[in-house]
Ligand code: SF4
């Protein structure tokens, strides 16, 4: 039991570290606010496809947590209530607030 908890923690740490490293080069572009509404992430974008991104989380067959959406993901930096916002994974593009991908990680309360 304790081993399983440690394994889950370790997996989560590795996942967050990998996501953080992948997103680091894009942080500057995100902070400069270069994304606009015309630059929405497409499901067919190779990176989005690799991460199983779905603009409507409820239509994803990979999503197991029904409460998981981009708007409550640690990597989402959009404003509460907005329909879309930046994601640290996708440089200069916006994701749907109600979207989801396999890199989802619960935003700290
Ligand atoms: S779930 Fe998180 S990492 Fe994935 S696209 Fe949405 S905001 Fe980005």
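Applying the condition of being modelled with pLDDT under 60 and touching a strand residue (DSSP E or B) at 6+ places or on another chain (Cβ under 6 Å) to segment 20-65 and asking which residue is farthest from residue 79 (Cα to Cα) yields 26. Going through segment 57-93 one residue at a time, which ones are over 17 Å from residue 105 (Cβ atoms) and within 12 Å of the ligand (Cβ to nearest atom)? The answer is 84, 91, 93. Cβ-Cβ distances below 7 Å connect the following pairs, each with a first residue in segment 72-99 that is without any contact (Cβ under 8 Å) to a residue 12 or more places away in the chain, a second residue that is within 9 Å of the ligand (Cβ to nearest atom), and a separation of six or more residues or different chains: 79/85. Among the residues making up segment 60-108, a single one is assigned to a helix (DSSP H, G or I) and under 18 Å from residue 45 (Cα atoms): 70.
The values are calculated or read from the model by the stated rules, or taken from the named source; none is laboratory data. In this text the structure is predicted, and so the values were computed from the model without any measurement. Every residue, glycine as well, gets a Cβ built from its backbone with ideal geometry; the counts of neighbours run over all protein chains shown.
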